[in-house]
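Reviewing the structure listed below.
Each reported figure results from applying straightforward, stated rules to the coordinates on display, with no laboratory input. Everything numeric in this text was worked out from a predicted model, so none of it was measured. Cβ sites come from the backbone with ideal geometry, for glycine too, and all protein chains shown count toward neighbours.
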Amino acid sequence: MSKIINFIKNISPFNSRTDMPKFLYVIKVIIIFYAFKFMSELAGEAIAIGVHFACGKNPLQGDMFDADTITLITYFGYAFMIGIVFLLWKLFQKKNISELGVTKNFGTYFIGMAVGAVLVMACVIPVVLTGAIQFNGVFSNINLGMVFLMIPAFILQGAMEEVLCRGVVQQLLARNASVPVAVGVSALLFTVVHVQNMDTSDIAITSVAIINLVLISLIFSILTLRFRSLWAACGFHSVWNYILFNILGLNLSGKDEIVAAVFDMKSAGSNVINGGAYGIEASIVTTAVLAAALGLCIVLYRKYAVKKQN
């Protein structure tokens with residue numbers, strides 16, 4: 001019985017124990033990931049419901065805000081969710097926020113933004129040129145208010161995912177297992193979370209989407225390792241999502257209910273060139289672009305590591 005109790009204590013997400021076999025510690029970190037994710041999402045839902053009631057609405061009876069307002073409440077709620085993760089990190093992992101990857105090196109956020117903007121356009125433009133995505137010009141009635149409000153919204157959304165994957169998971173495993181394990185498990189969890197919301201009816205598109213999720217996750221991880229912080233990965237992640245969704249008006253990870261966008265662009269049919277309903281993130285063009293970018297990141301990171309050693 002004592003062995004069972006000790007085992008449960010070891011893998012509990014509510015302590016900072018590390019004195020266990022590496023395989024068991026990996027399991028513990030995966031549990032921590034889902035525990036932190038669940039608790040932050042639960043708190044986020046509570047806030048969203050509370051805002052409704054505070055404004056005289058009763059969501060339990062279907063009395064809710066319009067779609068745009070709900071979207072803003074959801075996305076801005078990520079700020080509260082990130083705060084919950086920070087709190088859990090300090091309470092149960094007994095570590096500073098800087099050890100999560102939130103350092104003072106904020107300038108690298110803009111490097112990530114630049115990289116993300118270049119890569120997302122490098123993925124989209126060739127597909128448009130093939131005709132697999134139709135460009136119909138600029139929307140006649142652009143909701144500029146929503147377009148601008150979605151900037152901080154996606155800053156928070158991208159940061160939330162990075163805090164969990166490249167923060168909680170990668171930082172814990174890099175310290176107490178190994179960097180390859182940390183990067184691999186982070187990529188696995190990032191992919192699994194996104195696959196859960198994916199229409200898997202088309203095997204080809206699903207397979208390409210999974211490959212691309214792994215590739216972009218690896219890029220996020222290398223950026224985090226190179227700059228020793230989450231900022232570059234956060235900048236890349238947020239600008240990628242924002243440009244796809246609110247500038248180009250394309251599907252984002254299967255989400256096709258565009259809130260507000262500048263350009264009117266639509267996939268022509270469903271194939272592995274445009275990624276079908278999942279969007280450009282399930283395109284083989286994106287695979288090629290991300291694979292090339294990952295290769296370049298690896299080369300540059302190795303040069304940086306060698307230079308640092310010397």
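Quick notes on this structure:
- With a Förster radius of 35 Å applied to the C-beta separation of Q134 and T74, the computed FRET efficiency comes to 0.75.
- For the chain, the relative contact order works out to 21 percent when only alpha carbon pairs closer than 8 Å and six or more residues apart are counted.
- Ranking of C165, C234, C55 by count of other Cβ atoms within 10 Å, fewest first: C55, C165, C234
- Each of L88, H237, G254 was placed along the dipole of the chain (beta-carbon charges, centred on the mean Cα), and the one lying farthest toward the positive end is L88.
- Rounded if a/c under 1.5, otherwise prolate or oblate - segment 1-159, Cα gyration tensor axes: oblate
- What the phi angles of segment 234-249 give under the Karplus curve with 6.51, -1.76 and 1.60, with θ = phi - 60°, is a coupling list of 5, x, 4, 4, 5, 5, 4, 5, 5, 4, 4, 8, 9, 9, 8, x Hz, glycine and proline written as x.
- Per-residue HN-Hα couplings for segment 26-37 [Karplus 6.51, -1.76, 1.60; θ = phi - 60°; Hz; x = Gly/Pro]: 4, 4, 4, 5, 4, 5, 4, 4, 5, 5, 5, 5
- DSSP loop trypsin sites (Lys or Arg not before Pro) with at most 11 other Cβ within 10 Å excluded, longest remaining stretch of the chain: 105-310
- At an R0 of 22 angstrom, the distance between the Cβ atoms of F263 and L300 translates into a FRET efficiency of 0.10.
- Lysines with Cα under 30 Å of K308, excluding same-chain neighbours fewer than 8 positions away: K22, K94, K95, K104
- Gyration tensor (alpha-carbon) shape descriptor, segment 2-309, a/c threshold 1.5: oblate
- Which of L218, V127, F190, positive extreme of dipole for segment 102-235 (C-beta unit charges): L218
- For the chain, the longest site-free run once chymotrypsin sites (Phe, Trp or Tyr not before Pro) in DSSP loop states with at most 16 other Cβ atoms within 10 Å are removed: 140-310
- Prolate/oblate/rounded label for segment 108-263 (Cα gyration tensor, a/c 1.5): prolate
- The label-point distance for N58 and A288, in a model that sets each label 7 Å from Cα toward Cβ, rounds to 5.8 nm.
- Charged-residue dipole, Cβ positions (Lys, Arg, Asp, Glu), segment 2-309 about Cα centre, Debye nearest 20: 1840
- Per-residue extension of 0.36 nm, minus the Cα-Cα distance of K3 and E41, leaves a gain of 10.4 nm for this segment.
- Relative contact order for segment 1-122, counting Cα pairs under 8 Å that sit 6 or more residues apart, in percent: 23
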